[in-house]
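Peer 1: I have a structure here, written as structure tokens, and I will follow up with some questions on it.
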Amino acid sequence: MTIATAPTLRLTRPDDWHLHVRDGAAMAAVVPHTARQFGRAIIMPNLRPPVTTAEQAVAYRARIQACVPEGVDFTPLMTLYLTDNTPPDEIRRARDAGVVALKLYPAGATTNSDAGVTDIRKTHATLEMMQREGLLLLVHGEVTDPAVDVFDREARFIDQVMEPLRDAFPELKVVFEHITTRDAAQYVAEAGPHTAATITAHHLLYNRNALFTGGLRPHYYCLPVLKREEHRRALVASATSGSAKFFLGTDSAPHAAHLKEHAAACAGCYTALSAIELYAEAFERAGRLDRLEGFASQHGPDFYGLPRNASTITLRREPWTLPESLPYGDAELKPLGGSETLNWRLVG
Ligand code: DOR
Ligand code: ZN
């Protein structure tokens with residue numbers, strides 16, 4: 001007699017290089033989901049008000065750590081929100097506090113970005129200091145000019161902001177966050193060794209049709225918005241290429257369900273509940289599960305200059321159904337793909 005056992009996949013524990021956990025009761029609801037899969041996560045600073053000083057980042061880190069379940073080894077990696085007025089001095093304080101990066105939100109580009117940068121030239125002295133002190137710049141790469149079509153804002157950002165930025169600060173490590181287009185994938189692939197990109201699971205799994213299938217579906221709305229199929233395919237090719245320039249960043253961005261199912265739905269997809277399983281799905285569909293570990297567990301720490309995690313996780317090929325809704329403080333949270341079946345399950 002043979003006993004059939006489902007295939008399993010053992011990976012070095014992955015990290016999430018782009019994550020929103022919010023604060024307070026919302027944070028307490030979501031942090032355990034990330035902590036059970038990932039060793040570390042880069043925490044986005046777009047709170048209201050934003051995290052702009054080393055002192056605020058240290059306090060926020062302690063609040064996050066207090067939400068990590070007993071016995072779970074998870075390290076939040078902190079970032080500051082870059083503004084027109086971030087003093088160059090703050091960079092040294094940030095480095096000493098263990099902050100690893102600053103996040104550039106062009107003012108008005110997305111959720112809680114009102115305090116963002118209005119003109120990149122205003123930040124040059126601070127970027128100079130980051131380059132010197134070895135802090136990374138994480139970029140939300142979309143222009144904000146309302147005259148530019150929403151679907152073209154990322155591509156336009158490359159020549160308007162990214163290329164001049166790279167020329168001015170060639171040694172600064174820059175991560176083009178949550179890329180969504182073939183243009184950005186190609187730009188990063190051809191850029192020098194100090195430029196990399198994160199790619200979300202949702203941009204690997206869905207194209208913009210997902211927003212409109214059977215009605216307007218706000219849970220698929222995020223920024224940068226989902227693009228055409230040809231762009232999704234380019235992202236899958238980059239993520240599964242084995243290139244060390246591309247790594248995992250979920251951009252999991254929880255919003256209360258009533259604010260997603262709203263006349264002006266908030267941007268953000270909640271994927272942290274099942275992030276590594278969603279990526280496994282995307283890599284399996286591309287026939288490249290063998291490249292998942294590099295993308296999820298190796299390229300990110302290598303680019304940030306941090307050690308790879310020592311522990312492992314195990315996924316089993318076992319269909320399971322995502323819950324439709326989760327508790328979220330006093331509200332509800334609807335994970336992306338809720339009620340749908342995933343083929344891979346995290347088992348240890
Ligand atoms: O969809 C998004 N949601 N994109 C962002 O850039 C921000 C994020 C959020 O904080 O909700
Ligand atoms: Zn984000």
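Read the figures in this text as sums done on the coordinates, not as results from a lab. Because the structure is a prediction, the values reported are computed rather than measured. Neighbour counts are summed over all protein chains in view; Cβ atoms, including those assigned to glycine, are modelled from backbone coordinates with ideal geometry.
Peer 1: Using every pair of alpha-carbon atoms in the chain, split the distances into 10 Å bins beginning at 0 and state the percent of pairs per bin, rounded to integers.
Peer 2: The percentages, shortest bin first, are 5, 26, 37, 24, 6, 1, 0, 0.
Peer 1: Can you sort 82, 333, 306 by how many other beta carbons sit within 10 Å, fewest first?
Peer 2: Fewest-to-most Cβ neighbours within 10 Å comes out as 306, 333, 82.
Peer 1: Just how many % of Cα pairs in region 101-254 lie over 26 Å apart, if you round to the nearest whole percent?
Peer 2: 23 percent
Peer 1: A follow-up question, please. Step through the residues of region 216-233 one at a time and calculate ³J(HN,Hα) from phi using the Karplus curve (6.51 cos²θ - 1.76 cosθ + 1.60, θ = phi - 60°), rounding each to whole Hz and writing x for Gly and Pro.
Peer 2: Per-residue couplings from phi come out as 7, 10, x, 5, 9, 8, 8, 10, x, 5, 4, 10, 5, 4, 4, 6, 4, 5 Hz.
Peer 1: Among 155, 319, 138, whose Cα projects farthest towards the positive end of the dipole of the chain, with charges put on the beta-carbon of Lys, Arg (+1) and Asp, Glu (-1)?
Peer 2: It is 319.
Peer 1: Also, I was wondering about something else. Net charge within 11 Å of residue 175 by Cβ-Cβ distance, Lys/Arg positive one each and Asp/Glu negative one each, not counting residue 175 itself?
Peer 2: Residues near residue 175 contribute +2 overall.
Peer 1: Which FRET efficiency value, to the nearest 0.05, is calculated for residue 325 and residue 230 with the Förster distance at 35 angstrom and r the Cβ-Cβ distance?
Peer 2: Values: r = 33 Å, r/R0 = 0.96.
According to the calculation, E is roughly 0.55.
Peer 1: Starting from the amide H of residue 344, placed 1.01 Å from N in the peptide plane, find each other amide H under 5 Å away whose residue is 5 or more places distant or on another chain.
Peer 2: 318
Peer 1: How large is ³J(HN,Hα), in whole Hz, for each residue of region 133-147 in order, when computed from phi with the Karplus curve 6.51 cos²θ - 1.76 cosθ + 1.60 and θ = phi - 60°, using x for Gly and Pro?
Peer 2: 8, x, 8, 8, 10, 9, 10, 7, x, 9, 6, 10, 4, x, 6
Peer 1: Moving on. Just flag the GluC sites (Glu not before Pro) in region 21-121 sitting in loop per DSSP whose Cβ has no more than 11 other Cβ atoms within 10 Å.
Peer 2: Listed in order of number, the matching sites are 70.
Peer 1: Before rounding to the nearest 500, sum -39500 (n - 2.57) across all DSSP H runs of length at least 4 in the chain and divide by the residue total; then give [θ] at 222 nm in deg cm²/dmol.
Peer 2: Calculated mean residue ellipticity at 222 nm is -8000 deg cm²/dmol.
Peer 1: Right, another one. With label points built 7 Å along Cα→Cβ from the Cα atoms of residue 124 and residue 308, find their separation and express it in nm.
Peer 2: With each label placed 7 Å out from Cα toward Cβ, I get 4.1 nm.
Peer 1: Further question: I want to check a number: in region 15-310, how many lysine pairs have alpha carbons closer than 22 Å, given a sequence separation of 8 or more or different chains?
Peer 2: 7
Peer 1: Also, I was wondering about something else. Determine the dipole magnitude for region 15-310: charges of +1 sit on the beta-carbon of Lys and Arg, -1 on that of Asp and Glu, nothing else is charged, the reference point is the Cα centre, and the result goes in debye to the nearest 20. Numbers along the way, then the final one.
Peer 2: Values: 30 positive and 36 negative charges, 74 e Å.
Computed charge dipole of region 15-310: roughly 360 debye.
Peer 1: To the nearest Å, what is the center-to-center distance of region 272-348 and region 204-239, using C-alpha atoms only?
Peer 2: Between the Cα centres of region 272-348 and region 204-239 lies a distance of 18 Å.
Peer 1: Magnitude of the Cβ-charge dipole of region 47-129, K/R +1 and D/E -1, about the Cα centre, nearest 20 debye?
Peer 2: About 60 debye.
Peer 1: What is the Cα centroid distance between region 40-89 and region 109-138, reported in whole angstrom?
Peer 2: 16 Å
Peer 1: Helix 24-35 against the longest principal axis of the chain: what's the angle in degrees, Cα atoms only, rounded to the nearest 10?
Peer 2: It is inclined by approximately 60 degrees.
Peer 1: Now, a different point. Amide H to amide H, which residues 5 or more places from residue 312 or on other chains are under 5 Å from it, using H placed in the peptide plane?
Peer 2: 13
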